[in-house]
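The values are calculated or read from the model by the stated rules, or taken from the named source; none is laboratory data. Please read these numbers as outputs of a predicted model, since none were measured by experiment. Virtual Cβ from ideal backbone geometry, glycine too; neighbours counted across all protein chains shown. These area figures cover heavy atoms from the full protein model, side chains too; ligands, DNA and RNA do not enter into them. Shrake-Rupley method; radii C 1.70, N 1.55, O 1.52, S 1.80 Å.
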Amino acid sequence: MITVNRSKKLSGYISIPGDKSISHRAVIFGSLCIGKTTIEGLLESEDVHRTIEAVRQLGARVKRKNDKWEVDGFGVGGFTSPENVIDCGNSGTTCRLLMGAISTTPISATFIGDKSLSQRPMDRIIQPLSEIGVKCSAREGSFLPITLEGTSSAMPSDFESKVDSAQVKSAVLLAGLNSRGATRYVERKLTRDHTERMLMFFGGKIKTQKTEYGYYHSLEGLQELKPQEISIPSDPSSASFFIAAALMVEGSDVTIKNICMNETRIGFLKVINKMGARIEVYNKKAVCGEPVADLRVISSRLKGVKVPKNIVASMIDEFPILAVLAAVAEGKTEMRGIEELRVKESDRIFSMATGLRECGVNVSYGDDYMTVEGVRKVKGGQLINTFNDHRIAMSFICLGQVTQKPIEISETISIGTSFPGFIEKFKEIGANLSS
Ligand code: S3P
């Protein structure tokens, strides 16, 4: 448990750990090459360690050497059956991407996860994989544990996304890498495209076209990838907590370096820009196929906003922290088309609405929406349940910087899944936190 007190002002330069999505993919793509891939800036969080452990069980050698990581892979289609179950912990990305990646190799593996992951939907992965002849036996309701038996005779396939999910897209594309013929996947909205970018960075080929139905990706099977030296930019989702805190706490001026500015990840920056956030973007450059920049954030008075539905996919992990900003903004903020939040590490619509209401904020919500009435002075003074969800914990730690009374946070262990060192870094720029 931690107590969060109001902060005077936040200031200074801060660096954020590596992007979580890109880190998982760097380890997986490294394992799909014969030879040594070197990774700089890998996020060393609980979730990414699950992916490292999983690819080791599947035959790759992964080790830390000084401040870099080395992955010695087995090549596309080179997975070997693991001796033990693959425990994905809390990490949906580990589980879903690896299910796809191994599915076109004739091996068998059983995936398990923690309580939260065992309640998250897996039919979205099982269904497309079954279409290409992969056998998945899951607990009733299509939940983990799942035993997957890969196929060596996957046929060329056409898929249409039923949900806007980069994890599903990536699972299908990774499966396609070792299929015969072409794999095509169409998604209504362009979800984060790190898999496509990294595939090209590792020497693979993929085409993406925008059509009237959405984004059409096509990939030839049996590709060979080449090991690379890769550098991972900082995680914009992790940065969003410090951005929000700096905006809310009066007199703050914080600079965050080397943030991944991929168009499919910056919906949050676009929305807060509309709310009146003062943010300067500079030092723009490209690193290993991803755009990056430094951001200077200056405290700002915010107004409520209607989040456009077409931006939801590009800020899917930032809704908890947006709800916090909405609570201190002037007027109402409306978030619609956010049903995917119901199946994240917790039911994030419910988790945020519950905590904000405890703090005295008016929130209404339904299956796929949430509206928050800004109050500028949020009461606080309560114990907040994080529902063991890292992003809920970090969101309320940010809100506690400005509540009238200190708030207590039920646990902070979950933060390690995506942002180890969050509390220490927050203190470095002036946050007033005591455990
Ligand atoms: C991720 C995709 C998103 C996101 C998750 C990471 C990824 O999930 O919420 O934190 O790395 O592909 P969905 O693809 O299920 O939306």
- In square angstrom, rounded to the nearest 10, how much accessible surface does Lys189 have for a 1.4 Å probe? 70
- Message: Tell me which cysteines of the chain come out unpaired when the rule is another cysteine's Cβ under 4.7 Å.
- Response: Cys33, Cys136, Cys260, Cys288, Cys359, Cys398
- Task: Evaluate E = 1/(1 + (r/R0)^6) for Ser130 and Glu334, where r is the Cβ-Cβ distance and R0 equals 41 Å; express this FRET efficiency to the nearest 0.05.
- Result: 0.60
- Task: Measure nothing fancy, just the Cα-based angle from helix 92-102's long axis to the longest principal axis of the chain, in degrees from 0 to 90, nearest 10.
- Result: 10
- Helix 319-328 sits off the longest principal axis of the Cα atoms of the chain, rounded to the nearest 10 on a 0 to 90 degree scale, by 10
- Shape call for region 20-231, from the Cα gyration tensor axes a ≥ b ≥ c (a/c under 1.5 means rounded, otherwise prolate when a/b beats b/c, else oblate), comes out rounded
- Item | Net charge over other residues, Cβ less than 14 angstrom from the Cβ of Phe202 (K, R count +1; D, E count -1) | +1
- Query: What do the square roots of 5 times the Cα gyration tensor eigenvalues come to for region 85-125, in whole Å, largest first, as semi-axes of the equivalent ellipsoid?
  - Reply: 18, 11, 8
- What is the list of residues in region 279-297 whose amide nitrogen lies under 17 Å from a point 7 angstrom out from the Cα of Thr208, following Cα to Cβ? 286-292
- Item | Between region 92-152 and region 1-34, the Cα center-to-center distance that results, in Å | 27
- Karplus-derived 3J(HN,Hα) from phi for region 263-280 (6.51 cos²θ - 1.76 cosθ + 1.60, θ = phi - 60°), whole Hz, x at Gly and Pro, runs 3, 7, 10, 10, x, 4, 5, 5, 5, 6, 4, 5, 6, x, 5, 9, 9, 9
- 25 °C / 0.890 mPa s Stokes-Einstein diffusion coefficient of the chain, Kirkwood radius on C-alpha pairs, µm²/s: 112
- Pull up the DSSP beta bridges for region 20-231 and report the antiparallel fraction as a percent, rounded to 5. 75
- Task: With no solvent and one equal point scatterer placed on each C-alpha of region 164-244, evaluate the Debye formula and give log10 I(q)/I(0) for q = 0.11, 0.12, 0.13, 0.20 Å⁻¹, two decimals.
- Result: -0.35, -0.41, -0.48, -0.94
- Given H placed on each backbone N at 1.01 Å, which residues far from Ile86 in sequence or on other chains put an amide H within less than 5 Å of it? Thr110, Phe111, Ile112
- Message: Which residues among region 41-68 fall inside the zone where the amide N is under 20 Å from a point 7 Å beyond the Cα of Ser152, along Cα→Cβ?
- Response: 58-60
- Scan around Asn362 for amide H atoms under 5 Å from its own, H built in the peptide plane at 1.01 Å from N, and keep only partners 5 or more places away or cross-chain. Glu373
- Task: Just give me a number: lysine pairs in region 20-231, eight or more positions apart or cross-chain, with C-alpha atoms less than 19 Å apart.
- Result: 20
- Message: Need one word for region 329-435: rounded, prolate or oblate. Basis is the Cα gyration tensor (sqrt eigenvalues a ≥ b ≥ c); a/c below 1.5 gives rounded, then a/b vs b/c decides.
- Response: oblate
- Message: Nearest 5 percent is fine: what portion of the DSSP beta bridges confined to the chain is antiparallel?
- Response: 75
- Item | For region 20-231, size of Cβ-based charge dipole, Lys and Arg +1, Asp and Glu -1, in debye | 240
- Accessible area (Å², per residue) of region 294-435, counting only protein heavy atoms and a probe of 1.4 Å: 38
- Note on the structure: Other residues with Cβ under 9 Å from the Cβ of Tyr369 give, with Lys and Arg +1 and Asp and Glu -1, a net charge of -3
- Roughly speaking, to the nearest percent, how much of the chain's 1.4 Å accessible area is carbon and sulfur? 46
- Note on the structure: Debye calc, one equal point scatterer per Cα of region 1-65, no solvent, log10 I(q)/I(0) at q = 0.26, 0.27 1/Å comes to -1.17, -1.24
- Note on the structure: Taking a ≥ b ≥ c as the square roots of the Cα gyration tensor eigenvalues, with a/c under 1.5 meaning rounded and otherwise prolate when a/b beats b/c or oblate if not, region 27-80 comes out oblate
- Tilt relative to the chain, helix 46-57 - C-alpha long axis, 0 to 90 degrees, to 10: 10
- Largest first, what is the accessible-area ranking of Cys260, Cys136 with a 1.4 Å probe? Cys136, Cys260
- Message: Could you tell me the calculated FRET efficiency between Asn66 and Glu280, based on Cβ-Cβ distance and R0 = 35 angstrom, to the nearest 0.05?
- Response: 0.55
- Hey, what's region 20-231 come to in accessible area per residue, 1.4 Å probe, Å²? 42
- Hey, what do the phi angles of region 39-45 turn into as Karplus ³J(HN,Hα) couplings, whole Hz, using 6.51/-1.76/1.60 and θ = phi - 60°, x for Gly and Pro? 10, 10, x, 4, 6, 9, 9
- Rounded to whole Hz, the Karplus (6.51, -1.76, 1.60) HN-Hα couplings of region 293-302, x for glycine and proline: 7, 9, 10, 9, 10, 10, 4, 9, 7, 10
- Note on the structure: Any residue on another chain or 5+ positions along whose placed amide H is under 5 Å from the amide H of Leu10 is listed here as Ser252, Asp253
